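Worksheet: one structure, shown below.
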Amino acid sequence: MTALRLRSPLSSTLLATALLSLAGGACAQDKLKVGFMLPYTGTYAALGVAIENGFRQYVDEQGGKLGGRAVEYVKVDDESDPSKAADNANKLVKRDNVDVMVGTVHSGVAMAMAKVAKDNNTLLIVPNAGADAITGPLCAPNIFRSSFSNWQTGFAMGKVAAERKIKTAATITWKYAAGDESVRGFKEGFEAGGGKVVKEMNLPFPNVEFQALLTEVSSIKPDAVYTFFAGGGAVKFVKDWSAAGLGNSVKLIGSGFLTDGTLEAQGDAAKGLLTTLHYADDLTNPKDKAFRLQYAKTYKLQPDVYAVQGYDAAQLLGAGMVAVKGDVKNRDGLVKAMESAKIDSPRGPFTLSKAHNPVQDFYLREVTGKVNKNVGIAVKGLADPARGCKA
Ligand code: BEZ
């Protein structure tokens, strides 16, 4: 009787379905689940896309696998909106059960992600956002950054500005962690070298109504204006600056985001601008040459610093995954290997500080034609001070 029931068409269908779903479940578990939380809309949309492109490029170069595990992706558009950040990160962790979160661009959103990552002990790799807190007070064994701290990029330009005998500077930026911290880093480097920041101006993110601030610059007449803007906002700022004709009397300088991934849209308005960043468009190391060639071939676009940071986020994760032979649950082994990895980056090789932030060279770049040309090392092997990191 039992045997007859098992052989009935309905029972065998059920059995087959159960076996198939078991097999499907096992397969899905075998994959490494990467959750991208990035901006795909808004002023930072192009930055999010470049990070994802770079990450995928490295994984594709490894045959679609890291540490022997095939990689699958889920994506959330964080809209660069800090008020939605905790919910978005929780979706990746609790609904999608990702093995690792990769995100994001905006410092305010990234700080919320770091809190979710800490609360749930989820591995997080930050492929851009420079919020000092992430490798400062929020530092943790499960949180890594493949990019920079806001302090690093500002400090490098402050040092260069003082060395170039600029005496007074005003600052203009968006009023949120990235702008505030970039300016603070600039001020530290600039004033230590004898310069003086005479005025700090800002506007809310992602506002681009710069006119009132530019009028103020023309009345203050500092030697230079230091800026942090990126993405669509950077394009508008550089064009407005050029249209205001301030360039003849006041020097515009910035962290390199001002001119990275933006030069096509900025056109002649960006000509000659000096910025500092951990990447330039004409580096000569073989890794960068191969990276740029493959990126242009795959995406029909020139890469930028964001693509490099995405590529290196995947390299960093890959170093951990290889060491644990794909066993992502071996967190101690994974973290240890990631901490000690020497990343062969297109920007040049780098290692991580104790707080998991890149220790790296900062280049002085000058916009020449459509490239950010490397005109020398601004600061060699610059480490973020990791103020407040107790891990
Ligand atoms: C940030 O919010 O940390 C950031 C955004 C764009 C470029 C660089 C930094």
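In table form, for the structure just shown:
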{"quantity": "Answer residue from the stretch 103-154, given it is farther than 22 Å from Pro385 by Cβ and of a type in the set (Ser, Thr, Tyr) and is surrounded by the most Cβ atoms within 10 Å (Cβ to Cβ) among those", "calculated": "Thr104"}
{"quantity": "Any hit, the stretch 68-85, residues being small (Gly, Ala, Ser), more than 16 Å from the ligand (Cβ to nearest atom) and in the same structural domain as Met113 (by TED's automatic domain parsing)", "calculated": "yes"}
{"quantity": "Boolean, Asp288 is of a type in the set (Asp, Glu), surrounded by fewer than 22 Cβ atoms within 10 Å (Cβ to Cβ) and not in a helix (DSSP H, G or I)", "calculated": "no"}
{"quantity": "Positions within the stretch 325-376 being within 25 Å of Ile134 (Cβ to Cβ), among the hydrophobic types (A, V, I, L, M, F, W, C) and more than 16 Å from the chain's Cα centre (by Cα), in sequence order", "calculated": "Val328, Leu334, Val335, Ala337, Met338, Ala341, Ala355"}
{"quantity": "Residue pairs meeting the criteria (Cβ under 8 Å; at least 6 apart or on separate chains; first over 13 Å from Ser255 (Cα atoms) and modelled with pLDDT of 95 or more, in the stretch 179-200; second of a type in the set (Asp, Glu) and surrounded by fewer than 20 Cβ atoms within 10 Å (Cβ to Cβ))", "calculated": "Gly193/Glu163; Val197/Glu191; Lys199/Glu216"}
{"quantity": "Any hit, the stretch 119-136, residues being among the acidic types (Asp, Glu) and closer than 29 Å to Asn53 by Cβ", "calculated": "yes"}
{"quantity": "The stretch 345-359: number of residues that are surrounded by fewer than 15 Cβ atoms within 10 Å (Cβ to Cβ) and in contact with a Lys or Arg (Cβ under 7 Å, 6 or more places away or on another chain)", "calculated": "2"}
{"quantity": "Selection within the stretch 276-306 - within 12 Å of the ligand (Cβ to nearest atom) and either touching a Ser or Thr at 6+ places or on another chain (Cβ under 7 Å) or of a type in the set (A, V, I, L, M, F, W, C) (or both)", "calculated": "Leu277, Val305"}
{"quantity": "Neighbours by Cβ (under 6 Å, 6+ apart or cross-chain): first from the stretch 253-265, without any contact (Cβ under 8 Å) to a residue 40 or more places away in the chain; second in a helix (DSSP H, G or I) and within 9 Å of the ligand (Cβ to nearest atom)", "calculated": "Leu258/Ala234; Thr262/Ala234"}
{"quantity": "Residues that are part of a loop (DSSP other than H, G, I, E, B), closer than 21 Å to Asn97 by Cα and free of Cβ contacts under 8 Å to residues at least 24 places away in the same chain, drawn from the stretch 328-347", "calculated": "Lys329, Asn330"}
{"quantity": "Test: residue in the stretch 271-286 that is in contact (Cβ under 8 Å) with a residue 24 or more places away in the chain, among the β-branched types (Val, Ile, Thr) and over 19 Å from Thr368 (Cα atoms)", "calculated": "no"}
{"quantity": "Within the stretch 126-142, tally of residues that are closer than 22 Å to Asp81 by Cβ and either in a loop (DSSP other than H, G, I, E, B) or more than 15 Å from the ligand (Cβ to nearest atom) (or both)", "calculated": "6"}
{"quantity": "Every pair of residues 6+ apart whose Cβ atoms lie under 6 Å, when the first sits in the stretch 133-151 and is over 21 Å from Asp119 (Cα atoms) while the second is within 9 Å of the ligand (Cβ to nearest atom)", "calculated": "Ser147/Asn128; Phe148/Gly130; Ser149/Gly130; Asn150/Gly130; Asn150/Ala178; Asn150/Glu181; Asn150/Ser182; Trp151/Glu181"}
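Here's the yes/no breakdown for (1) in contact with a Leu (Cβ under 7 Å, 6 or more places away or on another chain); (2) of a type in the set (A, V, I, L, M, F, W, C); (3) over 21 Å from Thr275 (Cα atoms):
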position	(1), (2), (3)
Asp304	no, no, no
Tyr311	no, no, yes
Ala319	no, yes, yes
Val322	no, yes, yes
His356	no, no, yes
Leu364	yes, yes, no
Ile377	no, yes, no
Gly388	no, no, yes
Ala391	no, yes, yes
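The values are calculated or read from the model by the stated rules, or taken from the named source; none is laboratory data. Quantities reported herein were computed from a predicted structural model and do not represent experimental measurements. Every residue, glycine as well, gets a Cβ built from its backbone with ideal geometry; the counts of neighbours run over all protein chains shown.
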